[in-house]
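The values are calculated or read from the model by the stated rules, or taken from the named source; none is laboratory data. Fair warning: this is a prediction, and the values are worked out from it, not measured in the lab. Glycine also receives a Cβ, built like all others from the backbone with ideal geometry; neighbour counts cover every protein chain displayed. Each accessible area value is taken on the protein alone, full model and side chains, heavy atoms only, with ligands, DNA and RNA left out. Shrake-Rupley method; radii C 1.70, N 1.55, O 1.52, S 1.80 Å.
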Amino acid sequence: MIYADYIRVLHIELDKGKISIAQREDLTQYLGGVGVASKLLEEYMHPELEPLAPEQPIVFAIGALSSVYPVITKTVAMFISPLTGELGETYAGGRLAMTMFQAGFDAIVITGRAKGPTYVAINANDVAFKNAGAIWGTGNDSAGQIIRDSEKGPSGKRSIVRIGTAGENLVSYACVNVDRYRHFGRLGLGAVFGSKYLKAMSVIGNRDMPIENFQEYFKVYREIYDKATAQGGAMAKYHDTGTAINIEPLSKMGGLPTLNLRQGSFEDADKVSGDAFAKNQLVRKMACTGCPVGCIHIGQFRREFADEGYEYEAVSVGYDYELIYALGTFLGISDPEKILELIDEVETAGLDAMSAGVALGWAAEALEKGLVTEEETLAPLKFGEPEGFLKAIRYIAEGKNEFYLHLGKGVRHVSLKYGGYDFGMQIAGNEMAGYHTGYGSLIGAAVGARHSHLCNGGYSVDQGMKEPGVDPDAMAKSLLDEEVERCMLNSLVICLFARKVYDRETVLKAMKAIGMDMTDEELSAVAKRNYATKLRIKKALGFDWEGIKLPKRYFETPSARGQLDEATAEEILSRYRARMAEYQAAE
């Protein structure tokens, strides 16, 4: 909370229908965002219980600079992941950070299980528990529209987060939709919502926050704004073509996972490239509230809704690199319209797109190899043929039969049940992201606190390497140093697309302009404190650093930096563990 010496926390107890508000001075040392959320998760979690136990918390938090400066637009959610059984951490943009800020809450903690389907309506002066029976069983798009119609308030200062049928049915990688085109995507927050009978949360904020030294603040604001919007600057690509621009270069270098990672390149990459989507499908660009960049790219496809009479509707859907990879190249789909249709199906069901695509890739290969039958898959799941995958997405969300119930628990689970672990593309239980760039992307996800490519940007480490080969100790150091630094950036909840805009000097200047005068050393201490909290959570939840078993396909299909070697990967893991032990001992 700017201009305050406390963090304001709203605690919602669904089982009791009660709320309480605390002003926590002790949490200011974590700065905000992921630091505060981690500490609250550690405080409220029950390591002895299952991830979906009613007592387990959901924590939302915004950062120390949220909504005050450009591109600081994210909210962090932390929970116990039903997919991995350990730390769950995910970020979303949209309007949520702004509405929480204007409602006067730095963090929201949700515990308990409601007696029946419920949504929670929050504003600065009231928290209401409302019956969601009428919207339980609907897709997240329909639920969002119904809540928008029933909750009166200024649309620009309202955020609605909600789940689809996948979350209601406790699919382990169900996501939470935020304001239509943004998501808390990875690690199954949607299932945690569903386990609590929590269909949605609406937040309305209308509080004004005057800036005390406006002249100095605006000077810094303008510097950051100009840096973020500079033509040809660090963020230009995110506005122009978006992250989809990465499809062709990654394919050319052999780092684009294709056909369940049988290949690192896609022969039809030009057909599904960022340029191809921009020229043929792009209809609109949007931005999260408080962001001048506009990286959200909306594509459109036609869908027939009647058997006769040429009846079509135009469907708008967001796309980016990760979605094109997971529901395109990974499944061998080269028709952009079909990729958009698959994305729309995943959106409506409320699934994480990366986990869904990787799960379908495993299923297609398992069917091909005879590990499962078409009687179990209920559809012909074949690479390059989207119709079967469209049906399978619905079946996952519904838990259609025993096979889909297992597939809904993630690739690690289903491959241990049916076989095919060595071609099940997951890392420590989290389905792989769209990078097969080298040891950085692979080991970065293995050691990352949430097993995400965004924990430490290992793929970026790979792409920045100039020499062939790898120095295991240097790689381990790069990954650990970057992960700790991101624990600082994520305490401010800066969009990581803007990490080159918000260097240390800029962060310190921005904080000082609103009365938060910190030194570089104090900022480093925050980063280390936040990372240490995550490590304590992982330890309490029983994560075994020695027990990471990487599927063999990562070492069979050449990466962008050539063939990876299991012994080298294990050496990097070993060096990382040693460095982390030294780091913990120094704390």
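Mind checking which residues of the stretch 334-348 are more than 17 Å from THR377 (Cβ to Cβ) and either open to solvent by less than 10 Å² (accessible area, probe 1.4 Å) or not acidic (Asp, Glu) (or both)? Even if it seems obvious, please write down each step before you answer.
First, the residues of the stretch 334-348 that are more than 17 Å from THR377 (Cβ to Cβ): 334-341, 343-344, 346-348.
The answer is SER334, PRO336, LYS338, ILE339, LEU340, ILE343, VAL346, THR348.
Starting from the stretch 449-470, take each residue that is closer than 11 Å to TYR435 by Cβ and list its partners that are surrounded by fewer than 18 Cβ atoms within 10 Å (Cβ to Cβ) and among the hydrophobic types (A, V, I, L, M, F, W, C), counting only C-beta distances under 7 angstrom and pairs at least six apart or across chains.
Short answer, once both residue conditions are applied: LEU454/LEU496.
Yes or no: the stretch 531-548 includes at least one residue that is of a type outside the set (Asp, Glu), closer than 25 Å to LEU65 by Cα, open to solvent by 40 Å² or more (accessible area, probe 1.4 Å) and touching a residue at least 60 places away in the same chain (Cβ under 8 Å).
Looking for residues that are of a type outside the set (Asp, Glu), closer than 25 Å to LEU65 by Cα, open to solvent by 40 Å² or more (accessible area, probe 1.4 Å) and touching a residue at least 60 places away in the same chain (Cβ under 8 Å), one finds none in the stretch 531-548, hence no.
Would you pick out the residues in the stretch 291-329 that are out of contact with any Phe, Trp or Tyr (no Cβ under 9 Å at 6 or more places or on another chain) and either within 21 Å of HIS453 (Cβ to Cβ) or part of a helix (DSSP H, G or I) (or both)?
If the condition is that a residue be out of contact with any Phe, Trp or Tyr (no Cβ under 9 Å at 6 or more places or on another chain) and either within 21 Å of HIS453 (Cβ to Cβ) or part of a helix (DSSP H, G or I) (or both), then ASP320, TYR321, GLU322, LEU323, ALA326 are the ones that fit.
For a quick check of your reading of the model, give me the residue pairs whose first member lies in the stretch 187-215 and is in contact (Cβ under 8 Å) with a residue 60 or more places away in the chain and open to solvent by less than 10 Å² (accessible area, probe 1.4 Å), whose second is part of a helix (DSSP H, G or I) and charged (D, E, K, R), with beta-carbon atoms closer than 6 Å and at least 6 apart or on different chains.
The qualifying pairs are GLY205/LYS157.
Test GLY137 against the criterion of being open to solvent by 30 Å² or more (accessible area, probe 1.4 Å), of a type outside the set (A, V, I, L, M, F, W, C), on the phi > 0 side of the Ramachandran plot and modelled with pLDDT of 85 or more, and give yes or no. Before you say what the answer is, go through the steps one by one.
Numbers: open to solvent by 30 Å² or more (accessible area, probe 1.4 Å): yes; of a type outside the set (A, V, I, L, M, F, W, C): yes; on the phi > 0 side of the Ramachandran plot: yes; modelled with pLDDT of 85 or more: yes.
Here the answer is yes, as GLY137 does meet what is asked.
Would you check if there is a residue in the stretch 47-61 being open to solvent by 10 Å² or more (accessible area, probe 1.4 Å), under 18 Å from the mean Cα position of the chain (by Cα) and more than 24 Å from GLN426 (Cα to Cα)?
no
Identify, please: which residue in the stretch 246-294 is closer than 30 Å to LYS227 by Cβ and acidic (Asp, Glu) and is, among those, surrounded by the most Cβ atoms within 10 Å (Cβ to Cβ)?
The extreme case among them is GLU248.
Looking at the stretch 551-567 only, could you name the residues that are open to solvent by less than 50 Å² (accessible area, probe 1.4 Å) and either out of contact with any helix residue (DSSP H, G or I) (no Cβ under 7 Å at 6 or more places or on another chain) or farther than 26 Å from GLU50 by Cβ (or both)?
At the first step, the residues of the stretch 551-567 found to be open to solvent by less than 50 Å² (accessible area, probe 1.4 Å) are 551, 553-555, 557, 559-560, 562, 564.
The answer is ARG553, TYR554, PHE555, THR557, SER559, ALA560, GLY562, LEU564.
Among GLU571, GLU582, which is the only one that is among the acidic types (Asp, Glu), at negative phi and touching a residue at least 40 places away in the same chain (Cβ under 8 Å)?
Numbers: GLU582 fails: touching a residue at least 40 places away in the same chain (Cβ under 8 Å).
From the options GLU571, GLU582, the qualifying one is GLU571.
How about the stretch 3-37: which of its residues are small (Gly, Ala, Ser), surrounded by fewer than 16 Cβ atoms within 10 Å (Cβ to Cβ) and either at pLDDT below 95 or not in a loop (DSSP other than H, G, I, E, B) (or both)?
In the first step, residues of the stretch 3-37 are kept if they are small (Gly, Ala, Ser); the result is 4, 17, 20, 22, 32-33, 35, 37.
Right, trim to surrounded by fewer than 16 Cβ atoms within 10 Å (Cβ to Cβ) and you get 4, 17, 20, 22.
Across the stretch 3-37, the qualifying residues are ALA4, SER20, ALA22.
Take the stretch 295-314 and flag every residue that is open to solvent by less than 10 Å² (accessible area, probe 1.4 Å), touching a helix residue (DSSP H, G or I) at 6+ places or on another chain (Cβ under 8 Å) and not aromatic (Phe, Trp, Tyr).
HIS297, GLY299
For the stretch 368-394, how many residues meet the condition of being in a helix (DSSP H, G or I), of a type outside the set (D, E, K, R) and out of contact with any Gly (no Cβ under 9 Å at 6 or more places or on another chain)?
Looking only at the stretch 368-394, we keep the residues that are in a helix (DSSP H, G or I), and these are 368, 374-377, 386-394.
Subset that is of a type outside the set (D, E, K, R): 377, 386, 388-390, 392-393.
Right, trim to out of contact with any Gly (no Cβ under 9 Å at 6 or more places or on another chain) and you get 386, 388, 390, 392-393.
Residues meeting the conditions: 5.
Conditions (1) outside any helix (DSSP H, G or I); (2) of a type in the set (Phe, Trp, Tyr); (3) under 25 Å from LEU496 (Cβ atoms), marked per residue:
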| site | (1), (2), (3) |
| --- | --- |
| VAL171 | yes, no, no |
| GLY194 | no, no, no |
| TYR221 | no, yes, yes |
| ILE224 | no, no, yes |
| ALA228 | no, no, yes |
| HIS239 | no, no, yes |
| LEU256 | yes, no, yes |
| ASN260 | yes, no, no |
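Just give me the residues in the stretch 95-105 being open to solvent by 10 Å² or more (accessible area, probe 1.4 Å) and under 29 Å from ALA445 (Cα atoms), in sequence order. Don't jump to the end; show me each part of the working.
Here is the first cut: in the stretch 95-105, the ones open to solvent by 10 Å² or more (accessible area, probe 1.4 Å) are 95, 98, 101-102.
If the condition is that a residue be open to solvent by 10 Å² or more (accessible area, probe 1.4 Å) and under 29 Å from ALA445 (Cα atoms), then ARG95 is the only one that fits.
Can you name the residue in the stretch 325-342 that is within 19 Å of ARG302 (Cβ to Cβ) and of a type in the set (Val, Ile, Thr) and is also nearest to the chain's Cα centre (by Cα) among such residues?
In the first step, residues of the stretch 325-342 are kept if they are within 19 Å of ARG302 (Cβ to Cβ); the result is 327-328, 333-342.
From what's left, of a type in the set (Val, Ile, Thr): 333, 339.
Details: ILE333: 23, ILE339: 20 Å.
Ranking the candidates gives ILE339 first.
Go through the residues of the stretch 373-390 one by one and say whether even a single one is surrounded by 24 or more Cβ atoms within 10 Å (Cβ to Cβ), under 23 Å from GLY188 (Cβ atoms) and of a type in the set (Val, Ile, Thr).
Scanning the stretch 373-390, I find no residue that is surrounded by 24 or more Cβ atoms within 10 Å (Cβ to Cβ), under 23 Å from GLY188 (Cβ atoms) and of a type in the set (Val, Ile, Thr), so the answer is no.
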